[in-house]
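These notes concern the structure reproduced below.
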Amino acid sequence: MLVLLDEDHPRKNPFLVGLKTIDCFGTLTILCSTLIVLLGLEFGGVNFAWNSVTVLCLIVFGALAFLLFLFIEYKVAKEPILPLSLFTNLKSAALLTVCFAHGTVYISCAYFLPFYFQSTLQALPVHSGIWFLGVTGPLAATSLGATLYVQKTKRYSAVIRIGAVVQTIGFGLFITFPPYRSWVRIVLFQILVGMGVGALFQSTLLALQNHLQQQQQKLPGSDIPDAVVVTVPSGTMAFTFVRQMSYGISVVIGQLLLQSQMKPQLAALVKVGIAPDVALALTREDTVLATPLIRTLEVGQQAVVREAIARGLQRIWMLYVGVSGVGVVASMFVGRE
């Protein structure tokens, strides 16, 4: 990498001047806001009741911190990590929406699909990793192919739209995953999701960079105000920020939904002879962390738990189908090249 560095155009800015361009207040504010809200969602219904002072304060103060973040990005930051002017343009706003939807469903697949393998199908962790190659293999191949296609043809709208649709169909098929090993579904559905997710990994970023570059080229002598035009580096940073935010939000919301689906199963688990403390761990605590407990149960009890988890995961896949559907709608507004 050192050999490939471009040393012909070194930056002339002094260190302190460059340091001042970092959006420290915006970064700190959004980190605090996200952490506080996610803690409130994580504690709600598990450690504290939803109407408890602790949960309500966390969510309210997290929301206020987010409003402060928007104010900083709009009025204070010289180089904001999330330029709000990106959302004043339909095309860039649509691409960021696709990015958020894509990040949300991708990380849910990487998190909850291995959990399905290990909890419902009772696969060992190493086997779960091997089975997950059904997603990662097509994802890597499709991502590379889509990137090369976009770079060569400069056409990205069709790739983004097809990828969003295929991704949504794949997650819709995940809803049919049974509490037993159905290899046809495990293999084919993963391949479909991997192809859809892979098509969106770099194509959305390339589309956003191309759009911002076109805006900058039109700036001299045009009617576009300087304040509305976002530079390519700033747009890339905002894109990365939105994707990373979607990762954290997706996992917490998915866990929250899974717990809400498992709680009503407590009485049914105790009824089949599962010890109350084990049943409580599987329904009211972190079901993902309690997965090893399933192996300690009798065969009949394991079947009941696997059925309950499979039903809970169906609701999760439904949620992510809806999120991916938002990405499909947004992809219709990315316009033409």
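Out of the stretch 56-91, which residues are more than 30 Å from GLU42 (Cα to Cα) and modelled with pLDDT of 90 or more? Selection gives LYS91 alone. Only one of the listed residues (TYR111, TYR149) is closer than 26 Å to VAL230 by Cα and among the aromatic types (Phe, Trp, Tyr). That residue is TYR149. Pairs are defined by a Cβ separation below 7 Å, a sequence spacing of at least 6 or placement on different chains, a first member in the stretch 64-81 that is crowded, with 19+ Cβ neighbours inside 10 Å, and a second member that is among the small types (Gly, Ala, Ser) and not in a helix (DSSP H, G or I); no pair meets this definition.
Residues in the stretch 82-98 that are closer than 14 Å to ALA207 by Cα and surrounded by fewer than 16 Cβ atoms within 10 Å (Cβ to Cβ) were compared, and the one that is farthest from the chain's Cα centre (by Cα) is LEU90. Among the candidates SER234, SER246, the residue that is part of a helix (DSSP H, G or I), touching a Pro at 6+ places or on another chain (Cβ under 8 Å) and not charged (D, E, K, R) is uniquely SER234. Contact map, the stretch 165-181: residues that are hydroxyl-bearing (Ser, Thr, Tyr) paired with residues that are not in a loop (DSSP other than H, G, I, E, B), Cβ distance under 7 Å, separation 6+ or inter-chain. Pairs shown: THR168/VAL321; THR168/SER324; THR168/GLY325; THR168/VAL328; THR176/ARG185.
Within the stretch 86-109, which residues are aliphatic (A, V, I, L, M) and in contact with a helix residue (DSSP H, G or I) (Cβ under 8 Å, 6 or more places away or on another chain)? Within the stretch 86-109, LEU86, ALA93, ALA94, LEU95, LEU96, VAL98, ALA101, VAL105, ILE107 qualify.
May I ask you to list the residues in the stretch 13-42 that are surrounded by fewer than 19 Cβ atoms within 10 Å (Cβ to Cβ) and at pLDDT 80 or above? Once the filter is applied, which keeps residues that are surrounded by fewer than 19 Cβ atoms within 10 Å (Cβ to Cβ) and at pLDDT 80 or above, the stretch 13-42 yields PHE25, THR27, LEU28, LEU31, CYS32, LEU35, LEU39.
Candidates in the stretch 274-333 are the residues that are small (Gly, Ala, Ser) and part of a loop (DSSP other than H, G, I, E, B); of these, the one that is modelled with the highest pLDDT is ALA275. Listed by first and then second residue, the pairs linking a residue in the stretch 124-137 that is more than 9 Å from GLN190 (Cβ to Cβ) to a residue that is of a type in the set (Phe, Trp, Tyr), with Cβ atoms under 8 Å apart and 6 or more places separating them unless they lie on different chains, are HIS127/PHE117; SER128/PHE117.
All of (1) in a helix (DSSP H, G or I); (2) buried (at least 22 other Cβ atoms within 10 Å of the Cβ); (3) modelled with pLDDT under 95; (4) within 20 Å of the chain's Cα centre (by Cα) hold for ALA101 with one exception: (3).
The values are calculated or read from the model by the stated rules, or taken from the named source; none is laboratory data. Nothing here was measured: the structure is a model prediction, and the numbers come from that model. Here the Cβ is made from the backbone with ideal geometry for all residues, glycine too, and neighbour counts use every protein chain on show.
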